[in-house]
Amino acid sequence: MISLGSCSHCHNPAPFLNPLCRVCQDDFDRECRRDPPDLSLLDNSRITGALVHEGVIRSLFSRAKFRGDRQAMRLLLRQGLSRLALPLHRVCLLPVPPHRDRMLRRGGSLADQVAFSWARTLGIPYSFGGVSGKGDQESKRLGQRERESLSLKDRWVIGNLRFEDPVVLVDDLATTGWTLRTLAQGLRERGVQVEGAIVLCLRPRYDRGIL
């Protein structure tokens, strides 16, 4: 007899080794065909999202990020990678580093896993060193004005970086793109060529009429 698990979204019985029941799997497949809106990074560069952070995708993302659900993670990575355009030239993937206290609480970085998986699949280089995020302030809880008042020194510690190829930043989730923009600005001031950014999930904004 095949044992059943619990669906990551509706919690109904799900097939063995599948995080979703059949109904939610169909919903997930439809959601994966949606195109998330792009965000501006620096100048003409863009933040490109692979998936829209809503519905079943949102449930899978939460399980992967906060519970370490490997099945949910593999499903998101496989679908997300299939929706990304291959780079036209050689680049290096650089994941956004987590805050130190968040890293200790969660025991790992989802952005690192995304960058490693995509780099290995696409056959392009990646880097995990040279940048660290300060964990003194929960900046994600600040309002827009408070965020804008923070300097790069308040947000990032950037070492002496040398990249032979243009850098593409990688993060697990983006809403406004503020984190990626501040990091891209800091890297550019250190002479690093930032090609753009890709995120596994992009969360739409509905406040103030912004999508």
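Structural remarks
- The residue that is surrounded by the most Cβ atoms within 10 Å (Cβ to Cβ), among those in the stretch 104-118 that are part of a loop (DSSP other than H, G, I, E, B) and modelled with pLDDT under 65, is Gly108.
- Here Gly191 fits the description: modelled with pLDDT of 85 or more, in a loop (DSSP other than H, G, I, E, B) and loosely packed, with under 13 Cβ neighbours inside 10 Å.
- So Arg34, is it over 14 Å from the mean Cα position of the chain (by Cα) and over 15 Å from Cys201 (Cβ atoms): no
- Any chance Asp101 is surrounded by fewer than 16 Cβ atoms within 10 Å (Cβ to Cβ), in a loop (DSSP other than H, G, I, E, B), modelled with pLDDT under 90 and more than 18 Å from the chain's Cα centre (by Cα): no
- Filtered residue count, the stretch 194-211, keeping only those that are under 21 Å from Gly55 (Cα atoms), of a type outside the set (A, V, I, L, M, F, W, C) and either assigned to a helix (DSSP H, G or I) or modelled with pLDDT under 90 (or both): 5
- Of all residues making up the stretch 14-35, the number that are part of a loop (DSSP other than H, G, I, E, B), surrounded by fewer than 21 Cβ atoms within 10 Å (Cβ to Cβ) and in contact with a Leu (Cβ under 9 Å, 6 or more places away or on another chain): 5
- Qualifying position, being closer than 26 Å to Val168 by Cβ, surrounded by 15 or more Cβ atoms within 10 Å (Cβ to Cβ) and either in contact (Cβ under 8 Å) with a residue 12 or more places away in the chain or not small (Gly, Ala, Ser) (or both), among Arg83, Arg74: Arg83
The values are calculated or read from the model by the stated rules, or taken from the named source; none is laboratory data. Nothing here was measured: the structure is a model prediction, and the numbers come from that model. With ideal geometry, Cβ positions are generated from the backbone for all residues, glycine too; neighbour counts draw on all protein chains shown.
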